[in-house]
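Report on the following structure.
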Amino acid sequence: MEILGIDIGGSGMKGALVNAETGEMLTERFRIPTPKSKKPKDMAKVVAEIVEHFNYEGPVGCGFPSIVKNGVCKSPGNLHPSWVGVNIDELFTEYTGHEFTVLNDADAAGYASMNYGIGKGKNGLVIMITIGTGLGSGAFYNGVLIPNFELGQIPYKKHKKIEKWAAASAKEREELSFKKWGKRFNKFLKLVELIVCPDLIIVGGGTSKNWEEFSHHIDIETEVIKAELMNHAGIIGAAVACLREQHHGHLQ
C-alpha cells in the first residue's frame, strides 16, 4: 500500500511516498524549509505544497515536533506558541483536502525502527532518541508505542528544557566540537537512563549520520545503537502510523 509520509522539523519539512507493508521509500525525499514564522497557517501551506508535489490521492501520515494527543497539539515545542490547542489533523486536512493522521515525530521515527529497522523484534522498554533542532524521544514496550514520551523537555540547570542545551541546534548555535557536544548528549542519556531505565536506546535523526564523530563519548550502562533508517525514519514511520493510529482529520 502506497502512502505519503511527511516529517515536520524545526528547520525542514520533508515528504516521500512509502510502501507501508515493506517500509521502502518509493520516491526521493522532497524537502521545503520550515517557514520562519513557524505558525500554523504558514506551515499548513507548505504541507499542501508537499502533497501537491507528489500528485497524491489518499490519507497522509505526518510526524510533528511536539506533543500530539489525538491529533491536537499540546505543546509548542520549538514552534510558535499559537500551535497549542490546534487540531493539526483537521488543519492540514483543510489545506490539502486529504485525511491526515499526525503524531509526535519521534514516535513516528520509532515506528519505523521498530517495524522495519534495528528495533524490530526488540522487547522490553526501547527508547528512540532523534537528534535535530530538538531532542525527540519515542518509547516502545514490547513493540507497543507509549505516545508522547517527551524526554527532551526535562529541565536542566538554568535551561527550561535540556534539548536547548544538548540538541544539534545547540551544537550549531554555540559552534561546539563533536567532543564537547557529545559530552552534553551523554549527560542527557544519563538522565534518560536514570528516569526510565530503558533496555535499549536507539539514536536517530539528522545528526545520527555523524555517529562515528560522537558515539565514543557515550558512556552509560544501557546499550545505545544507531538507527539504520536515520533521517528517513520519520517519513517511513509517519506513513505506517497513518494506518495504525487512525485519528484522521475530518473531511467536509
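With the requirement that a residue be open to solvent by less than 100 Å² (accessible area, probe 1.4 Å) and in a strand (DSSP E or B), what does segment 53-76 give you?
Residues satisfying the conditions are Val60, Gly61, Cys62, Gly63, Phe64, Val68, Val72, Cys73.
For the list (1) closer than 21 Å to Glu94 by Cβ; (2) touching a Ser or Thr at 6+ places or on another chain (Cβ under 8 Å); (3) modelled with pLDDT under 95, I need the number of the one condition that Ser11 fails.
(1) is the only condition that Ser11 fails.
Quick one: which of Val240, Val224, Val203 is assigned to a helix (DSSP H, G or I) and either β-branched (Val, Ile, Thr) or under 19 Å from Gly124 (Cβ atoms) (or both)?
None of the others qualify; the one that does is Val240.
Of the residues Ile50, Ile32, Ile3, which single one is in a strand (DSSP E or B) and in contact (Cβ under 8 Å) with a residue 40 or more places away in the chain?
None of the others qualify; the one that does is Ile3.
Kindly list, by first and then second residue, each pair from a residue in segment 174-202 that is under 15 Å from Asp219 (Cβ atoms) to a residue that is of a type in the set (S, T, N, Q) and open to solvent by less than 40 Å² (accessible area, probe 1.4 Å), limited to pairs with Cβ atoms under 7 Å and residues at least 6 apart or on different chains.
Glu193/Thr222; Ile201/Thr222
Looking at Lys36, Lys14, Lys74, can you tell me which residue is in contact with a helix residue (DSSP H, G or I) (Cβ under 9 Å, 6 or more places away or on another chain), over 29 Å from Glu228 (Cα atoms) and not aliphatic (A, V, I, L, M)?
Working: Lys14 fails: over 29 Å from Glu228 (Cα atoms); Lys74 fails: in contact with a helix residue (DSSP H, G or I) (Cβ under 9 Å, 6 or more places away or on another chain).
The unique qualifying residue is Lys36.
Hey, can you tell me all the residues within segment 91-116 that are closer than 19 Å to Met43 by Cα, out of contact with any helix residue (DSSP H, G or I) (no Cβ under 7 Å at 6 or more places or on another chain) and open to solvent by 10 Å² or more (accessible area, probe 1.4 Å)?
Glu94, Gly97
Which count do you get for residues in segment 151-180 that are under 29 Å from Gly124 (Cα atoms) and open to solvent by less than 40 Å² (accessible area, probe 1.4 Å)?
10
Within the set of pairs 6 or more residues apart or between chains, which connect a residue that is at pLDDT 90 or above inside segment 136-159 to a residue that is loosely packed, with under 14 Cβ neighbours inside 10 Å with Cβ atoms less than 6 Å apart?
Asn142/Asn123
The values are calculated or read from the model by the stated rules, or taken from the named source; none is laboratory data. This is a predicted model, so every value here is computed, not measured. Cβ: placed from backbone, ideal geometry, glycine included. Neighbour counts: every protein chain shown. Side chains included, ligands, DNA and RNA excluded: accessible areas come from the protein's heavy atoms. Shrake-Rupley method; radii C 1.70, N 1.55, O 1.52, S 1.80 Å.
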